[in-house]
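The values are calculated or read from the model by the stated rules, or taken from the named source; none is laboratory data. Note that the structure is predicted; figures quoted are calculated from it, not measured. All Cβ positions, even for glycine, are placed from backbone atoms using ideal geometry, and neighbour counts span all protein chains on display.
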Amino acid sequence: MPAQKANTGFTSEEQAAMKERAAETKRPRGSKTDPEAEVLAKIAELPQPERDMAEKLHTIIKNAPPSLTPKTWYGMSAYALNGKVVCFFQSASKFKTRYATLGFSDTAKLDDGQLWPTAYALAELTPEVEKKIVELVKKAVQ
């Protein structure tokens, strides 16, 4: 009788993301990897039209508050302040979801009373959506 693999409760996509995160944390400090080049490489792997969305989002976030630095996080493009992830792009294709999201970590200063969103569905990057993203990112790092 073949041995059964234990069900971890994680999808294969989630398991792959955890493996990517483990690899990210095992990089030696001071390694000669270029974090932005790694982010751009991850973005280049995305299928269209998500690739265009991620490229545009990358530009928007890098230009909003120049203090954020790109890095990969669970194999996704993310943006950090002092090494701590503030926001990230989660493609729909990575986790086979209906829409991509722009997520914010608990480092982001988006607090608004007792309840506030930490992730936003991205269907299209219209000028209005771009403006809202800039506002959110600026608020997140204030």
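What to note about this one:
- Yes/no for LEU110 being without any contact (Cβ under 8 Å) to a residue 60 or more places away in the chain and not acidic (Asp, Glu): yes
- Condition check for LEU46: touching a Leu at 6+ places or on another chain (Cβ under 7 Å), aliphatic (A, V, I, L, M) and modelled with pLDDT of 95 or more: no
- Qualifying residue in segment 96-110 (condition: within 24 Å of GLU14 (Cβ to Cβ), more than 11 Å from the chain's Cα centre (by Cα) and of a type in the set (S, T, N, Q)): yes
- All positions within segment 76-95 that are of a type in the set (Gly, Ala, Ser) and surrounded by fewer than 21 Cβ atoms within 10 Å (Cβ to Cβ): ALA80, GLY83, ALA92, SER93
- Looking only at residues in segment 43-63 that are surrounded by 21 or more Cβ atoms within 10 Å (Cβ to Cβ) and touching a residue at least 60 places away in the same chain (Cβ under 8 Å), the one that is farthest from GLN15 (Cα to Cα) is ILE61.
- Segment 107-129: number of residues that are charged (D, E, K, R) and within 17 Å of SER77 (Cα to Cα): 0
- Once segment 21-39 is narrowed to residues that are of a type in the set (Val, Ile, Thr) and in a helix (DSSP H, G or I), the residue that is farthest from the chain's Cα centre (by Cα) is THR25.
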